[in-house]
Amino acid sequence: MEIQSEASAVGKVKSRKYLRELMPLLGFMGVIVAFSIATGGKITAPANLSLMLSQVYVLLISSMGVFMVMTVGGLDFSQGSILGLSSIVFCWVSGHSIVAGIAAAALAGAAMGAFNGFFHVRFRIASFIVTICTMYFFRGLCKYITTNGPVPAIPEVLELNLTWLKLLLAAVMLMTGFAVWRFTRVGCDLRAIGAGETAARFSGCRPDLRKFLVFTAAGAITGFASFINVVKVGSITGTAGSQLETQILIALVLGGMPISGGAKARFSNIIIGTLTYCVLEMSLPMVFPIPATQQLVKGMVFLVVVALTIDHESLRVIK
Amino acid sequence: MSDAVLRSERLCKRFGITTAVDDVSLEFEKGEIHGLIGENGSGKSTFCSTLCGIYPPSSGRFLLEGKELKARSQVEANRRGVSIIVQETGTLPGLTVAENLFLGEEDKFMHGIVKDAGAMDREAQRLLNEYGFTRIVASRMIDYYSFEDRKLIEIVKATYFNPKVLVVDETTTALSQSGREELFTVMDRARSLGNTVIFISHDLEEVIERADRISVLRDGRLVATVRSAEVGSGELKHLMVGRELGTHYYRTDYGEPVPDEVVLRVDDLSVPGQIQGLSFDLRKGEILGIGGLSECGMHEVGKAIFGASFGRSGRVTLEDGYGVDSIPGAIRHGVAYASKDRDNESVVIADSIRDNICLPSLDDLAAGPFLRSGKLDAFARRNAELMSVKMTGIDQYVSSLSGGNRQKVVLARWLGKDSDILVLDSPTRGIDVKVKADIYALMDELRRKGKSIVMISEELQELLGMSDRILIMKRGRISGEFARSRSLGERDLITKMV
């Protein structure tokens, strides 16, 4: 009798856990269904789908880096500025060779990420403070460079605005990221550090080194994504990439990423979150033609989703 | 002297499942200095915090001059005539000395909504001068003053209003000799005015010298109240530390030789403020016990061996000549560590059992840089089952396990890692008898297999029952060494501890 009730209690806990893990996916489908109805099926029209897809790539790739940052319990608000600045680097170097341009952009991103990581780890400043500061700092550089006008890309770059290429690059990046997350010790380490840094240190992880590398990697990944950004926009202005950081954060949270990081981070958070965000972004103008209303609705939807999906249990563990 | 000013009646204070103060009934007389002693965690500080309104009691009550005292805050306790000088700094940074002195009493200096800061400063300075602390300026920021001066300010704060009961909670450890004398003068004056002083200290000689009567607490219970003229420090030590505990679940062998092979050599190991110049060897198949009072530095020894201490000097050398200087290095070379602070340092409680067991062994389980999750699952399951962890599955979070099961997860991970040297700090702390017995059996088994164990423990019976050799520490140094023997008793260890 007692054993039975214990088993059913365990079962209940397990099914609740699965439901929670499925929440983001249900949310994604809910958003699609709701907006399909609201737009009379327009969002699934091929033209709209390809429009949506064109916005996905940069967000999808950049989210991967921030996903790792958030897993260790950090935040990164400098991503948009990193994208802007590394796009400029790409434009400069791609004159010599496009491949060298990509490498240079990724390097520049890595350097900016390392800058974040260094200040966060070495001086023990909360990552959101460091990255808010560097957001302004990198943005400032970006605007300074573009004072006399936007930095243009060479015409050959624009010819690379091919859906299959962008799709391929995003897929390769995503698969590489997944492999590293799932099949090396990186995933285990980062989850443990996010869940309890001291205990992780005593288990043989190197939290400081890992955190530094994670910020560096996040910068490098966004640096790489700047190639796709340039291919799409053609020339870089002072505000290029701004708002990317908030888009990433919103996407990840919509995807079920726990804000406090830790063991509940799932790689699927990146994909589901980015897709949900892009569907929202594309559909809102169709339903609400006035931009102000769009912002309003976006804010409300975001708040409701977070309120519904936030995991109070995992927040309670945090000290 | 039967006129008790303050009386506690069947006082209990529980924090979750732990009972910090257990059914304590005590009388404090008018005009006495009453010593309160006990090991760390024996409930002295909790008792006094409950008295002063810092925590509400779980059950029982205090009677002050026959009327129930139910203070909900320190300020309220002050107004009833009970005040405390605490272990930690009780002053607030960012405020002036005067503001600190009159915290909670600002109303005295208010004219409507305007505070008369000048009057407050003048009154504060008058009090400081009266106590003879003329070098302290009332209008200065408290941050300007040293730790010791702040303690003196606290003394003034706690006594200027002539409280009926004054609690002095291990304040002397923060004071130099001259500071102590000032404090003792204040205590003596309070007594001569017919007030009561409750004096908590670890320095037994000091307590015997200053107090009229002494009460001893152990594990939250009142063990005895004695007249200080009638006891020696030896008797008090035994009252403090002695425990009634069966010995049946410890290992039973005596006189088994330990191989001479040294597997770990500690050489002149120091950690600032914790341990000084420690040197000892650990042999193959040996259980080396390290004991002492909680603050003697023994807990830092475990961290230092594991490469986890900050600012460590000296050497920790393994059999193969490797010098341990980092946690990953220690783990790689077969050193395991289970911390006393299990939830923060031993296991990642907000993570799964699987991840916790696999973390130290990830590099062994990998093929090149790659891990197969099937292999990890099997590894975690095998070791969890070996330790018979009670769980719903390896996906379960450690946070949902009991203390004993969490410790089993800790041991499971090191068994899985197959470490040769296990440093176990308080391995049975807060663990029930059943799991305790399992852990002792495991330690005995590991010893027979030629693994070496450093067991750091505050429980004397455990040290006596399990160790081949016992090192006793006092104030960061080794103060005694004992070989395993049937005739060795708690008293022998205690004399070296206190």
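None of the figures in this text is laboratory data; all of them are computed from the coordinates on show. Quick caveat: nothing in here was measured; it's all calculated off a predicted structure. Note that each Cβ is placed from the backbone with ideal geometry, even for glycine, and that neighbours are counted across all protein chains shown.
Note on the protein assembly as shown: Cα-only Rg and Dmax are 32.4, 101 Å. For the range A:201-319, a crude dipole built from +1 on the beta carbon of Lys and Arg and -1 on the beta carbon of Asp and Glu, taken about the Cα centre, is about 440 debye to the nearest 20. How many percent of Cα pairs in the range B:77-183 exceed 21 Å? Across the range B:77-183, Cα pairs with separations above 21 Å total 32 percent.
The mean number of partner chain beta-carbon atoms within 10 angstrom of a residue's beta-carbon across peptide A:253-263 is 1.
Applying both filters, DSSP loop and at most 12 other Cβ atoms within 10 Å, to the GluC sites (Glu not before Pro) of the range B:119-215 eliminates every site. Each of B:LEU376, A:LEU141 was scored by other Cβ atoms within 10 Å of its Cβ. Listed from fewest to most, they are A:LEU141, B:LEU376. Farthest towards the positive end of the charge dipole of the protein assembly as shown, among the residues A:PRO24, B:ALA77, B:GLY329, is the Cα of A:PRO24, using unit charges on the Cβ of Lys, Arg, Asp and Glu.
For the pair the range A:223-244 and the range B:442-495, the centres of their Cα atoms are 66 angstrom apart. Across peptide B:360-370, the average count of Cβ atoms from other chains found within 10 Å of a residue's Cβ is 3. A Cβ-based charge dipole, computed about the Cα centre of the range B:179-269 with Lys and Arg at +1 and Asp and Glu at -1, lands at about 680 debye.
In this rough spin-label picture, where each label sits 7 Å from Cα along the Cβ direction, the B:GLU481-B:SER146 distance is 3.8 nm. Distances between placed amide hydrogens fall under 5 Å for B:GLY60 paired with B:CYS12, all partners being 5 or more residues away or on another chain. The range B:129-217 has equivalent-ellipsoid semi-axes of 24, 15, 11 Å, by the square roots of 5 times the alpha carbon gyration tensor eigenvalues, sorted largest first.
Across chain A, the mean sequence separation of Cα contacts (distance under 8 Å, 6 or more residues apart), normalised by length, yields a relative contact order of 32 percent. Per-residue ellipticity at 222 nm, computed for chain B from helices alone with -39500 (n - 2.57) per DSSP H run of at least four residues, works out to -9500 deg cm²/dmol.
Taking other Cβ atoms within 10 Å as a rough exposure proxy, B:LYS408, B:LYS417 sort from fewest to most as B:LYS417, B:LYS408.
When the chymotrypsin sites (Phe, Trp or Tyr not before Pro) in the range A:90-194 are filtered for DSSP coil states and for at most 10 other beta-carbon atoms within 10 Å of their beta-carbon, the remaining sites are A:PHE123. Between amide H atoms placed 1.01 Å from N, distances below 5 Å from B:GLY480 occur with B:ILE472, all of them 5 or more places distant or on a separate chain. Judged by the gyration tensor of its Cα atoms, with axes a ≥ b ≥ c, the range B:262-497 is prolate; a/c meets the 1.5 cut and a/b is the larger of a/b and b/c. Projecting each Cα onto the charge dipole of the range B:4-241 (Lys/Arg +1, Asp/Glu -1 at the beta carbon, about the Cα centre), which of B:LEU236, B:MET110, B:VAL137 comes out farthest on the positive side? Farthest towards the positive end: B:MET110. All other residues with a Cβ under 15 Å from the Cβ of A:SER54 taken together, and with Lys, Arg as +1 and Asp, Glu as -1, what is their net charge? Result for the local shell: +1. Among the trypsin sites (Lys or Arg not before Pro) within the range B:1-75, those in coil by DSSP and having at most 15 neighbouring Cβ atoms inside 10 Å are B:LYS70, B:ARG72. First check a/c for the range A:1-151, with a ≥ b ≥ c the square roots of the eigenvalues of its C-alpha gyration tensor; if it is under 1.5, answer rounded, and if not, answer prolate when a/b is larger than b/c or oblate otherwise. Because a/c hits 1.5 or more and a/b fails to exceed b/c, the range A:1-151 counts as oblate. Remark: the range B:322-335, residue by residue, has Karplus-estimated 3J(HN,Hα) of 6, x, 6, 9, 8, 5, x, x, 4, 5, 4, 9, x, 9 Hz, where x stands for each Gly or Pro and the curve is 6.51 cos²θ - 1.76 cosθ + 1.60 at θ = phi - 60°.
An oblate overall shape is assigned to the range A:80-199, the ratio a/c of its alpha-carbon gyration tensor axes (a ≥ b ≥ c) being 1.5 or greater and a/b not exceeding b/c. Computed from point charges on the beta carbon alone (+1 for Lys and Arg, -1 for Asp and Glu), the dipole magnitude for the range B:4-241 about its Cα centre is near 620 Debye.
Listing A:THR71, A:THR222, B:THR252 from fewest to most neighbouring C-beta atoms within 10 Å gives B:THR252, A:THR71, A:THR222. With Cα atoms as the point set, the radius of gyration and Dmax of the range B:39-133 evaluate to 16.2, 49 Å.
Against chain A, whose longest principal axis comes from its Cα atoms, helix A:207-233 is set at around 50 degrees. The ratio of the alpha-carbon radius of gyration of the range A:58-127 to the globular-protein estimate 2.2 N^0.38 Å is 1.20. Run the quick spin-label model on B:ASP363 and A:TYR144: label points 7 Å from Cα toward the beta carbon, then report their separation in nm to one decimal. Going from the B:ASP363 label point to the A:TYR144 one covers 4.2 nm. With axes computed from alpha carbons, what is the tilt in degrees of helix A:127-145 against the longest principal axis of chain A, rounded to the nearest 10 within 0 to 90? Here the helix axis deviates by roughly 10 degrees. Put simply, the amide H of B:VAL167, placed in the peptide plane, has neighbours under 5 Å in B:SER83, B:ILE84, B:ILE85, B:ILE198, leaving out anything fewer than 5 places away on its chain. Note on B:GLU68 and A:LEU209: their simple-model spin labels are 6.1 nm apart, each label 7 Å out from Cα toward Cβ.
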